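Shown next, in structure tokens, is the structure this report addresses.
The values are calculated or read from the model by the stated rules, or taken from the named source; none is laboratory data. Just so we're clear, the structure is a prediction, and the values are computed from it rather than from any experiment. As a convention, Cβ positions derive from the backbone with ideal geometry for all residues, glycine included, and neighbour counts pool all protein chains shown.
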Amino acid sequence: MPGEASKPREACNARTAREPRPGYGQGAGRLPSAAVVTALAAGVGLAVHFFALARIPASAGWWPVVVSRAVSVAVILALFPATGASPRLPRRGAAVAAVAGALGTLATILYLLATRQELLSVAVVLSALYPAVPVLLALTFLRERITRPQAVGLLGAGLAIGLIALN
């Protein structure tokens, strides 16, 4: 680039030292124990949620979805004081949260329908692939860069979906 050679090398190194590559920031590569505990609790919560929904008889109607959403909101509201976060969102943030909630409800309804159609093995595997969605959204809307492990994970998820479709 023109003028790049005229910059002192130290200034360039100092600038790049303050701007770590995505996925390689301070603390990347090691997780605090609280993050590991939180991730494990979330995984157990999802497993219990899916397992419980699969065991509910069709005669229950749509009440399992209503209860699921109500419990989700109650848990989130209970976490606000514990984390010190504010429950108030800017207008755009509230709209995004509402859309995310609606999509989550739709996903729960579709999962419940799949379990009622005796497609539990397919529904569980596809539900387990949900972490790929936030990664793809971050790539698309936030223009985040993907790391090599993330690329391998996304390729594996895509391959798994293809193999499920063949079954």
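Couple of notes before you dig in:
- If you go through segment 39-90 and pick out every residue that is closer than 13 Å to I109 by Cα, within 22 Å of the chain's Cα centre (by Cα) and either at pLDDT below 80 or not polar (S, T, N, Q) (or both), you end up with 8.
- Beta carbons closer than 7 Å, at least 6 apart along the sequence or on distinct chains, pair a first residue in segment 113-130 that is at pLDDT 70 or above and assigned to a helix (DSSP H, G or I) with a second that is among the β-branched types (V, I, T) and surrounded by fewer than 16 Cβ atoms within 10 Å (Cβ to Cβ) for A114/V122; V122/I164; V125/I164; L126/I164.
- A search for C-beta distances below 8 Å between a residue of segment 83-106 that is more than 18 Å from V71 (Cα to Cα) and any residue that is outside any loop (DSSP other than H, G, I, E, B) and among the small types (G, A, S), counting only pairs 6+ apart in sequence or on different chains, returns L89/A97.
- Matching residues, segment 129-166, being loosely packed, with under 15 Cβ neighbours inside 10 Å and under 23 Å from V44 (Cβ atoms): Y130, P131, V133, P134, G156
- Per the listing P57, P87, P81, the residue uniquely exposed (fewer than 11 other Cβ atoms within 10 Å of the Cβ), touching a Leu at 6+ places or on another chain (Cβ under 9 Å) and not aliphatic (A, V, I, L, M) is P87.
- Segment 126-167, residues that are touching a Leu at 6+ places or on another chain (Cβ under 9 Å) and closer than 22 Å to P64 by Cα: S127, A128, Y130
- Per the listing L154, L103, L137, the residue uniquely assigned by TED's automatic domain parsing to the domain that holds V67 and part of a helix (DSSP H, G or I) is L103.
- Here A74 qualifies as of a type in the set (A, V, I, L, M) and either in a helix (DSSP H, G or I) or surrounded by 11 or more Cβ atoms within 10 Å (Cβ to Cβ) (or both).
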